[in-house]
Structure formats: C-alpha cells, structure tokens
Amino acid sequence: MDRRRALADFLRSRRERLTPHDVGILPGPRRRTPGLRREEVAQLSGVSVTWYTWLEQARDITVSRQVLHSLARVLLLSPAEARHLFALAEETKETASTPSASTPAPTHNPALQRLVDALDPHPAYLIAPNWDLVAWNRAEAGLIGDPARWEPADRNLLRFVFLEPRARDLLADWPGQARALLEQYRAGADRHTGDPEFAGLTRELAGRSEEFRTWWDTHDVADFRPARRAFDHPRLGRLSFDYVKLNAADAPGLSLVACLPADDETAGKLPGLAP
C-alpha cells in the first residue's frame with residue numbers, strides 16, 4: 001500500500017502542476033482547481049476515468065508499460081521523472097504481496113576504504129542509499145568537517161546539509177545544492193517506501209527543516225548527474241569541484257563519490273584540506 005500511495009501521490013503532483021494550455025486544452029470558464037483534471041489526463045492517455053481515478057487512489061490495479069509511456073507523455077515528465085514513474089510502478093507490481101522490510105545496511109570491504117583514502121588529496125566518500133556516510137578520506141573531512149567526530153546517527157549528508165547551521169555558510173549556493181540533493185534523495189526514498197530507515201530520516205528532516213518540508217511536498221525527483229559545486233571554506237576560501245559518482249559492484253547499495261577540482265585555483269588548495 002505504501003508503494004501504491006507513493007505512485008498515486010507522484011502522479012497527482014505531476015498532474016496538478018500542469019495547465020490546460022500545457023497540453024493544448026482550452027481551459028473553459030468554470031475551472032476552480034489548479035492543474036489538469038483527472039478526466040483530462042485519462043482522455044489524453046487513452047484510459048478510462050475510473051481506472052485513472054483508481055490509480056490516484058492507490059487501488060491495487062495492474063499498470064502496463066504502454067500506459068506508463070502514455071502517462072509520461074501526457075504529464076510531460078522529464079527523463080528522470082519518467083524513470084521514477086516506471087520504477088514506482090514496477091516495484092508496486094513486483095512487491096504487492098511482499099511485506100515491507102528494512103533495507104539491509106550496505107557493508108564495504110577494506111579495499112573500498114583504501115580506494116577512498118587513495119583519492120587524497122581529492123575529497124571522496126562512500127554513501128548508502130539513504131545518504132548515510134559509510135567512509136570518507138582526510139580531504140573530505142577537511143572539506144565538511146570530520147564525520148568521525150559526529151554522533152554515529154548524524155553521519156548522513158542530508159542531516160548535515162539541512163540541520164547543520166554551518167552547512168549554509170559552507171555551500172556557496174545552499175538553496176540550489178540542498179534542493180538538488182533532496183530531489184535525488186526523494187527518488188530513492190519513494191522506491192523504499194515502508195523502509196524504516198528512510199521513513200525515520202524523512203520524518204526527522206521534515207520536522208526540523210522548513211525548507212526540507214516545503215520542497216518535499218513538491219514531489220520533485222532527480223537523478224544524479226555530474227555537477228559543479230562551490231564551497232566557501234573557512235580557511236581556504238572558494239573551492240569548486242566537479243562531482244563524479246560510481247556504484248560499487250561488490251557492495252550493492254554503496255556509491256563512491258569523488259570531488260575533482262574544477263579549476264587550477266582549487267587544485268592548488270587541495271593539500272590544505274588535510275586536517
């Protein structure tokens with residue numbers, strides 16, 4: 001039911017953000033609610049109004065890939081949103097009779113830690129699907145602060161970005177970077193509905209951060225894509241990095257994130273990151 005609800009909420013949010021003009025429909029004189037009506041989405045997608053209504057009501061119904069393609073087209077989904085729609089629908093179908101369970105905590109072998117350490121002086125770290133920090137090197141500790149000194153429950157990048165006041169000074173474009181991270185986290189969280197690790201983190205962040213709560217309610221999602229991020233380091237000044245993310249084949253669920261200097265000035269400052 002949690003997965004069907006995630007699919008229903010996502011479809012409703014995408015429907016409500018569109019206008020009749022977006023899809024070539026005359027708005028008419030008596031439109032009182034924002035976005036498209038359910039019957040309009042159903043007609044444009046070639047399905048019955050009843051069936052689409054049931055889909056947004058999180059009923060236990062079968063969704064074909066052909067219909068998903070039609071919904072993605074009608075709702076003008078981005079490639080990341082379309083992939084998210086298919087993932088939600090496929091998980092709903094495949095796990096409808098399977099009880100929700102906590103995602104097993106990913107583990108990493110010593111070789112992965114040595115790889116992270118070998119990337120010094122470039123900041124690098126390993127993260128779990130829920131953005132828990134699993135491993136990091138000295139350069140990363142010098143960039144954001146040493147996670148070894150944090151409480152174990154606080155070693156999570158979302159907690160750091162949204163709940164740690166100094167993160168707002170460290171990230172040069174805090175609103176843009178924070179929202180981008182949230183949208184990537186949302187894509188994973190929706191696919192892990194019923195997982196207490198994700199649910200607990202989401203409740204905490206929504207309860208303690210107004211920005212997280214506001215952006216979460218938009219249901220926006222995004223895939224990871226190579227990005228340039230700027231930091232205003234308290235000792236070294238402006239640092240700019242290009243981010244690269246790789247999945248660990250021998251440790252499912254873990255991802256390696258490496259930060260490469262985006263300019264010569266940043267490259268020259270890298271040795272100063274070591275705490």
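Tabulated data
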read-out: Answer residue from the stretch 58-81, given it is assigned to a helix (DSSP H, G or I) and β-branched (Val, Ile, Thr) and is surrounded by the fewest Cβ atoms within 10 Å (Cβ to Cβ) among those; value: 67
read-out: Hey, residue 257 among the aliphatic types (A, V, I, L, M) and touching a Cys at 6+ places or on another chain (Cβ under 9 Å) or not; value: no
read-out: Considering residues of the stretch 116-162 that are without any contact (Cβ under 8 Å) to a residue 24 or more places away in the chain and basic (Lys, Arg) only, the residue farthest from residue 173 (Cα to Cα); value: 149
read-out: Index of the failed condition, residue 219 passing every other in (1) in contact (Cβ under 8 Å) with a residue 60 or more places away in the chain; (2) out of contact with any helix residue (DSSP H, G or I) (no Cβ under 6 Å at 6 or more places or on another chain); value: (2)
read-out: Failed criterion for residue 42 (all others in (1) aliphatic (A, V, I, L, M); (2) over 28 Å from residue 215 (Cβ atoms); (3) not in a helix (DSSP H, G or I) hold); value: (3)
read-out: Residues being outside any strand (DSSP E or B) and either surrounded by 13 or more Cβ atoms within 10 Å (Cβ to Cβ) or not assigned by TED's automatic domain parsing to the domain that holds residue 223 (or both) - total across the stretch 235-270; value: 12
read-out: For residue 55: the one exception among (1) at pLDDT below 90; (2) outside any loop (DSSP other than H, G, I, E, B); value: (1)
read-out: Residues satisfying the stated conditions in the stretch 163-181, i.e. assigned to a helix (DSSP H, G or I) and without any contact (Cβ under 8 Å) to a residue 24 or more places away in the chain; value: 165, 166, 167, 168, 174, 176
read-out: Count of residues meeting criterion [within 20 Å of residue 81 (Cα to Cα) and among the small types (Gly, Ala, Ser)] in the stretch 11-45; value: 4
read-out: Per-region count, the stretch 196-210, residues within 26 Å of residue 79 (Cβ to Cβ) and either touching a residue at least 24 places away in the same chain (Cβ under 8 Å) or not assigned by TED's automatic domain parsing to the domain that holds residue 130 (or both); value: 1
read-out: Hits in the stretch 205-248 - residues which are over 18 Å from the mean Cα position of the chain (by Cα) and either closer than 12 Å to residue 181 by Cβ or of a type in the set (D, E, K, R) (or both); value: 208, 232, 235, 238, 242
read-out: Flag if residue 154 is at pLDDT below 95, out of contact with any His (no Cβ under 7 Å at 6 or more places or on another chain) and farther than 28 Å from residue 85 by Cα; value: yes
read-out: Output for the stretch 33-57, where each listed residue is surrounded by fewer than 14 Cβ atoms within 10 Å (Cβ to Cβ), in contact (Cβ under 8 Å) with a residue 24 or more places away in the chain and among the small types (Gly, Ala, Ser); value: 46
read-out: Criterion (surrounded by 15 or more Cβ atoms within 10 Å (Cβ to Cβ), at pLDDT 55 or above and in a loop (DSSP other than H, G, I, E, B)) met by exactly one of 84, 108; value: 108
read-out: Residue match in the stretch 7-27 (condition: loosely packed, with under 14 Cβ neighbours inside 10 Å, among the β-branched types (Val, Ile, Thr) and outside any loop (DSSP other than H, G, I, E, B)); value: no
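Listed here are the residues, each with its yes/no results for (1) part of a loop (DSSP other than H, G, I, E, B); (2) touching a Pro at 6+ places or on another chain (Cβ under 7 Å).
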residue: 126; (1), (2): no, no
residue: 153; (1), (2): no, no
residue: 183; (1), (2): no, no
residue: 188; (1), (2): no, yes
residue: 212; (1), (2): no, no
residue: 218; (1), (2): yes, no
residue: 224; (1), (2): yes, no
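Yes or no, residue by residue, for (1) touching a Leu at 6+ places or on another chain (Cβ under 7 Å); (2) closer than 29 Å to residue 238 by Cα; (3) buried (at least 20 other Cβ atoms within 10 Å of the Cβ):
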| position | (1), (2), (3) |
| --- | --- |
| 176 | no, yes, no |
| 179 | no, yes, no |
| 185 | yes, yes, yes |
| 190 | yes, no, yes |
| 203 | no, no, no |
| 212 | yes, yes, yes |
| 217 | no, no, no |
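The values are calculated or read from the model by the stated rules, or taken from the named source; none is laboratory data. Here the structure is a predicted model, which is why all the values come from computation and not from measurement. Heads up, the Cβs are rebuilt from the backbone with ideal geometry, glycines too, and the neighbour counts pull from every protein chain shown.
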